[in-house]
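> What follows is a single structure, and I will ask about it in a moment.
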Amino acid sequence: QVQLVESGGGLVQPGGSLTLSCVASESISSMYRMGWYRQAPGKQRELLATILNSAITNYADSVKGRFTISGDNAKNTVYLQMNSLKPEDTAVYYCNADKIIRKYWGKGTLVTVSS
């Protein structure tokens, strides 16, 4: 059972930046893939970014060029650096650990982009 704890959410003005952190209860290098998702009120959960083997990254078009996913194996932590935030980025952000046979989720952290 992998436990994931997200942090770093909060209120930020449009154009601002935030960095989210996801601490895993076991080595992230043991995961097939780590990812960040978000879910806005009334919408489906959306895949934002993934990192494979702590190096290969992929991004959704909606965040490409603004968000950066990275991992620190020594700290068992995955980050999501978010720049140029927009009101439509307001959502609960979730960390995901994919071990192929099973996926694990954190409880999420709320990001609100508003002036």
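> Counting residues that are crowded, with 20+ Cβ neighbours inside 10 Å and polar (S, T, N, Q), which strands (runs of 3 or more DSSP E) fully inside the stretch 58-104 reach at least 1?
91-98
> State all residues of the stretch 1-50 that are closer than 15 Å to Ser70 by Cβ, open to solvent by 20 Å² or more (accessible area, probe 1.4 Å) and assigned to a loop (DSSP other than H, G, I, E, B); if no residue qualifies, say none.
The answer is Gly8, Ser17.
The values are calculated or read from the model by the stated rules, or taken from the named source; none is laboratory data. The structure displayed is predicted, hence computed values, not measured ones. Please note: Cβ atoms are built from the backbone with ideal geometry, for glycine as well, and neighbour counts cover all protein chains shown. Note: accessible area is taken over every heavy atom of the protein model, side chains too, but ligands, DNA and RNA are not part of it. Shrake-Rupley method; radii C 1.70, N 1.55, O 1.52, S 1.80 Å.
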